[in-house]
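The values are calculated or read from the model by the stated rules, or taken from the named source; none is laboratory data. Predicted, not measured: the structure shown is a model, and the values here were computed from it. Reconstructed Cβ throughout: ideal geometry from the backbone, glycine too, with neighbour counts over all protein chains shown. SASA here: full protein model, heavy atoms, side chains in, ligands and nucleic acids out. Shrake-Rupley method; radii C 1.70, N 1.55, O 1.52, S 1.80 Å.
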Amino acid sequence: MDSGTGRYDFASDNTAAICSEAWAALEEANINEAPSYGEDRWTAGVCDRIRELFETDCDVYFVFNGTAANALSLAQLCQSFHSVICHEYAHIQTDECGAPEFFTKGSKLLLIGGSVGKINIGRAEAVVARQTDLHSHKPGAISIAQATEFGTVYTRDEIAAIAEFADAHNMFLHMDGARFANAIASLGCAPKTITWEAGVDVLCFGGTKNGTAAGELVIFFQKQLSHEFDYRLKQAGQLGSKMRFLAAPWLGLLKDDVWLRNAQHANRAARHLADRLRNEANIEIVFPVEANAVFLRMNEQLVQHLQSRGWHFYKFVEPDIYRLMCSWSTTEAATSDLIADIIAINH
């Protein structure tokens, strides 16, 4: 709890501290001087570990945050006259301040509906069918979030079907993996199963929501697609001079599968929270709890009373659907405190 200013336990997985393993790795990297701009052993170690983890030879780049990862990887895939197909609630549409359009120099986002945050391929087909000539943006990529903005997870077969659709229309498949670790923890599969083996071309692998302070990975599974991406990063202000401080926490996450254990804990905490909300507080859970997010329906009176007691959280869908997020550090005590307050308010 943030002393004196409220409870941020469930506001976002961004509010969590750095996990101890990432912190220890960062401290170790801070002892002496080291080469700059990625010429250090920590950066090389992360790239090697990612290739081992995904069981393929891939190109790995560091950026400071998820918006840069998504926007710059899409800019690498698309020309200004291309379009990017994404879900209408995708993070690149709702929360990135036009960064994908800015860095692609004009690529248009084509918004697709679909239940529980997943793209409906039939609707995507209909949209692509309308882009028939040079008067329209040419579809260049399709972007999916894994896990989705609604906390659901694409299965391997769902991703493969989208990849097949993308390939049939000469599009690349981009994956916003801000919570990729949570998706792997949910599915219990190898990382390759829902990425390059299923047809994903580029993955933005998130560390911030999994226990680091900053630093996301952009992973190109087709190495020819990353040609001169290092120049794009430099021009966009995303080349870290002291790169080891972005890389070292990732070594802490990747060693002994800390990244996966963190995600498993967050997912379990979300399922537990949802169960207690449903069974003890009689709160409706709106979407399946497949990763570390819980979406619930609350009336305005309950929301105001919870906020007056210091709880922070976000409305996600009008008029009354709110999101609670769990993280690697979510505790049973925090869950009990929230449930107790809801019960007290409702009774």
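Within region 107-131, the set of residues being open to solvent by less than 70 Å² (accessible area, probe 1.4 Å), closer than 14 Å to M171 by Cβ and either touching a Gly at 6+ places or on another chain (Cβ under 6 Å) or not aliphatic (A, V, I, L, M) (or both) comprises S107, Q131. If you filter region 219-250 down to residues that are of a type in the set (G, A, S) and in contact with a helix residue (DSSP H, G or I) (Cβ under 9 Å, 6 or more places away or on another chain), you find that the one that is most open to solvent (accessible area, probe 1.4 Å) is G237.
For D201, the conditions (1) over 21 Å from D95 (Cβ atoms); (2) open to solvent by 20 Å² or more (accessible area, probe 1.4 Å) are fulfilled apart from (2). In region 258-299, of all residues being within 18 Å of T148 (Cα to Cα), touching a residue at least 60 places away in the same chain (Cβ under 8 Å) and β-branched (V, I, T), the one that is least open to solvent (accessible area, probe 1.4 Å) corresponds to V294. In region 46-134, counting only strands (runs of 3 or more DSSP E) that sit wholly within it, the ones holding 2 or more residues that are modelled with pLDDT of 95 or more and over 26 Å from E158 (Cβ atoms) span 59-63. Taken over region 132-169, residues that are under 30 Å from G188 (Cα atoms), of a type outside the set (F, W, Y) and crowded, with 20+ Cβ neighbours inside 10 Å amount to 16. Among the residues of region 7-44, those that are in a loop (DSSP other than H, G, I, E, B) and either open to solvent by less than 20 Å² (accessible area, probe 1.4 Å) or within 30 Å of A340 (Cα to Cα) (or both) comprise Y8, D9, F10, A11, S12, A16, A17, I18, C19, D40. G4 satisfies every condition listed in (1) modelled with pLDDT of 95 or more; (2) in a loop (DSSP other than H, G, I, E, B); (3) farther than 22 Å from A291 by Cα except (1). The set of residues from region 316-331 being charged (D, E, K, R) and in contact with a helix residue (DSSP H, G or I) (Cβ under 8 Å, 6 or more places away or on another chain) comprises just one member, D320. Assess whether K255 counts as being without any contact (Cβ under 8 Å) to a residue 40 or more places away in the chain, charged (D, E, K, R) and open to solvent by 60 Å² or more (accessible area, probe 1.4 Å). Taking the combined requirement at face value, the residue does not satisfy it.
A single entry from T104, T67 fulfils the requirement of being free of Cβ contacts under 8 Å to residues at least 60 places away in the same chain, farther than 17 Å from Y231 by Cβ, among the hydroxyl-bearing types (S, T, Y) and buried (at least 16 other Cβ atoms within 10 Å of the Cβ): T67. With respect to the conditions (1) open to solvent by less than 30 Å² (accessible area, probe 1.4 Å); (2) within 30 Å of K255 (Cβ to Cβ), L74 falls short on a single one, namely (2).
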